Amino acid sequence: TDITWIYIGTGSGIFRLYPYADDLPATFDPRNREWYQKALLQEGIVWSRPYVDAGGSGLTVTSSYRIPDSTRDWVIGADVTIETINQMILDTSFGGDGYAMLIGSDGHVITRPGLTAEDQLWDESFTTENLLEAQNREIKYVAQKMIRGETGISRISLDRSDVFVAYAPVKTTGWSIAIVMPVETVIEPATLTGEKLSQQTAETADQIDRQITSSMHLFIITMVILIGAAVLGSALF
């Protein structure tokens, strides 16, 4: 299954999850987790930033929802690991050095190639980079478009090379996905097509030139024969 855990947390600190696990840390309190706090402040389904799972599943994001009309502030949640997101959505061959990434509505990276928790523990703060704060102004400009839910393609300079960034909103989560592709990879098919077309054009031109040359030679020979025949015929008569 794509979901790691399904659980419920309450305002009194009660926490129940499925599948059952009895190895959660004793200090775990759902009320201190972002997925719980964020669900209390917003209506509808909300998504957390990546964090280190207390159950040992690594980097995880949570979809959570506050149960309406609950006097005990009950929040239900479901976990999906970053690894699962990469395998389902981002682990796609784009050719060359292309890759995909997701950012949240606040500009923070949800996932990208190579994103790991490293040695951080579940109760330590984990924060990914915020593209709205990037030193590269072109990246910041694209990030601003992405968090506004826009769709488009931009050409920017990244790590001393030119890349195309195609982006579009993921409306169900409020995220935005971007596919980054080196310019050379994108234009290579067009370059190869242009070179092939140029070669075919040159070959066609050479073939036409040979045919015309052959026709001219045949025409000259025919004219010489006709003129010779005319001269011979005049001499005989």
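The values are calculated or read from the model by the stated rules, or taken from the named source; none is laboratory data. Here the structure is a predicted model, which means the values were calculated and not measured. We place every Cβ from the backbone using ideal geometry, glycine too, and count neighbours over all the protein chains shown. Just the protein is used for accessible areas: all its heavy atoms, side chains included, with ligands, DNA and RNA removed. Shrake-Rupley method; radii C 1.70, N 1.55, O 1.52, S 1.80 Å.
Per residue, the solvent-accessible area of region 1-152 (1.4 Å probe, heavy atoms of protein chains only, all protein chains present) comes to 58 Å².
Averaged over all directions, how much area does the convex hull of the C-alpha atoms of region 43-186 cover when projected, in nm²?
On the way: hull surface 39.5 nm².
So the mean shadow area of the Cα hull is 9.9 nm².
Once you place label points 7 Å from the Cα toward the Cβ at I153 and A168, how far apart are they in nm? The two pseudo-label positions are separated by 1.3 nm. Placing dummy labels 7 Å off each Cα toward the beta-carbon, the span from M88 to E118 is 2.8 nm.
May I ask you to compute the full-extension gain from A134 to D73, defined as 0.36 nm times their residue separation minus their alpha-carbon distance, rounded to one decimal in nm?
Details: separation 61, 0.36 × 61 = 21.96 nm, distance 3.72 nm.
Between A134 and D73, full extension yields 18.2 nm more.
Each of Y20, A39, L59 was scored by the projection of its Cα onto the charge dipole of region 1-92, and the greatest displacement toward the positive side belongs to A39; charges sit on the C-beta of Lys, Arg, Asp and Glu.
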